[in-house]
1. Give the residue list of chymotrypsin sites (Phe, Trp or Tyr not before Pro) in region A:42-77 that are DSSP loop and have at most 15 other beta-carbon atoms within 10 angstrom.
2. Would you mind ranking B:F137, A:F192, A:F41 by Cβ crowding within 10 Å, fewest neighbours first?
3. Given that compact globular proteins tend to follow 2.2 N^0.38 Å, what is the ratio of the alpha-carbon Rg of region B:122-270 to that value?
4. In terms of modelled amide H atoms, which long-range or inter-chain residues lie less than 5 Å from the amide H of A:D55?
5. Of A:K7/B:K107; A:K153/B:K87; A:K7/B:K87; B:K87/B:K107; A:K92/B:K7; A:K153/B:K89, which ones are farther than 22 Å apart at the Cα?
6. Hey, got the dipole for the protein assembly as shown? About the Cα centre, +1 on K and R Cβ, -1 on D and E Cβ, debye to the nearest 20?
7. Set the Förster radius R0 to 30 Å, insert the Cβ-Cβ distance between B:T14 and A:T163 as r into 1/(1 + (r/R0)^6), and round the FRET efficiency to 0.05.
8. So how do B:M193, B:M253, B:M212 line up by other beta-carbon neighbours within 10 Å, fewest first?
Amino acid sequence: MKKKSLKLSNLYLLLVFFLLYAPILYLIFYSFNEGGTMNEFTGFTWEHYGAVFEDTRLIRIALDTLRIALLSSLFATTIGTLGAIGIYFVRKYKAQQALLSMNNILLVSPDVIIGASFLILFTVVGFRLGFLSVLLSHIAFSIPIVVLMVLPKLQEMNDAMITAARDLGANSWQVLTKIILPSITPGILAGFFMAFTYSLDDFAVTFFVTGNGFSTLSVEIYSRARQGVSLEINALSTLLFLVALFLVIGYYFIQRNQQSKKLLTKNQARVVSTR
Amino acid sequence: MNRQARKYFFIPYTLWLGFFVFIPMALIVYQSFFNIQGEFTLENFITYFTSSTYLSMTLNSIVFALLITVFTFLISYPTAYFLTQAKNKQLWLLLLILPTWINILLKAYAFIGLLSQDGSINEFLAFVGIGRQQLLFTNLSFLFVATYIEIPFMILPIFNAIDEISPSYISASKDLGANQWETFRRIIFPLSMSGVRSGVQAVFIPSLSLFMLTRLIGGNRVITLGTAIEQHFLVTQNWGMGSTIGVVLIVAMFITMRITREKKKGRHKE
């Protein structure tokens, strides 16, 4: 009896697993289709991959997307880490909770609201829409995630080490670089990773603040998908799928090198649940 | 670190809080009081609350978001539960979460192919004798794809909640003579409610504001609050009305969070 119900549950898991992956595999499968549609597989070809690499506009947009992701996650990680340290050292419980709720506003706000409000902000200030407005927006919505990834590591840190360092004559800079940063490095790396993927995946916010001249992959895929099916997008999605896979495997290894694996998955839950 | 240095390190973060959290939120509220001619007025709110178009759009959007949340829950809860029982559960979990790292646009695009007139699902329907149907650009396709996209976001918090339940509760329940169903109904389900709450939060609020899917998959038949905001900002350029709907969406967000809030257990006494 027990054995049978166990099998049924595995079957259910497999079914959900299949459903979640089917559309992705479907895209990848047809990226090799000679026929040019997503219906009938007529023969194998690499031609669509060739098309992706010859499409200079697409390549430029891909490089821009990568540049935005790297720069925004670097800035967001720096500001977010310093922010987390700041929040950690606020000793009043109430004030700390208040800061954390403010930190989480952008995480719980729908993308449309963030996009629209940033658009108003840039317009009011008279900031031209383009690369910089997208970069600033990505930095802005990535900061809270970094804070949430770094904060638990700070709470695990042994405060006595800071006191000891100060007693031995370390200045603030030395305390920061020699004590605090080394003990929270895994959190910083996780934060960087999250910020990077947030930036790569974002569509809605970018769509609002991108203006005419500048585009990221998400926005470009959107405008091409509106015109219908083109297997070049399939080839592109296969490449992006590989990038995502690579990133997740990398992240998994960062996570594995820590003792407190459980904690990080918990964080992910909070992160995802407050998306 | 001394107080002085700490303050300097904190400056960039505070600047961010000011310029990218508070000012934008204030601006969207401020903007909602301006009509399309740029006059300061309550017109937008009056239009919104008296127009049957806006009100029925809002109701529609809420109904759709509710349906998406319910369907997502129905599929995710058993998944999360079975996942906690599985061998190698961490690996399974990772695999089920992996699709969330794939760009949402690509998933939507995959469904354009799958659901199209000559797509694989129609091929299948024709094969089993049901015949081809209009699948893309219907309410049903929108519901289906939105549910697909939200499933992992519901699985994760529920999984964590169930996984945290101490096994001794379950043994105790069995020792006292409860069968599997009773144990589930009286122990596991109530204790997993915190996960369900965060799952609902994670799915319901974004579902109210989906705008890309309504266009690519729903063919503009479904108008959510998000679609309306995007239309007003980027198409009709009526930012005042867009902001008004934005304010409504923010209020809806707070109400949702209030309803799904964790009940205070009185652990953090002050």
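Every read-out reported here was derived from the displayed coordinates using simple, explicitly stated rules and does not represent laboratory data. Owing to the predicted nature of the structure, the values given are computational and were not obtained by experimental measurement. Neighbour counts run over all protein chains shown; Cβ positions are idealised from the backbone, glycine included.
1. Of the chymotrypsin sites (Phe, Trp or Tyr not before Pro), the ones in loops of region A:42-77 whose Cβ has at most 15 other Cβ atoms within 10 Å are A:W46.
2. In increasing order of surrounding Cβ atoms, one gets A:F41, B:F137, A:F192.
3. Working: Rg = 21.5 Å, N = 149, 2.2 N^0.38 = 14.7 Å.
Against the compact-globule rule of thumb, the ratio is 1.46.
4. none
5. In this structure, A:K7/B:K107; A:K153/B:K87; B:K87/B:K107; A:K153/B:K89 lie more than 22 Å apart at Cα.
6. On the way: 42 positive and 26 negative charges, 482 e Å.
Once rounded to the nearest 20, the dipole reads 2320 debye.
7. 0.70
8. B:M193, B:M253, B:M212
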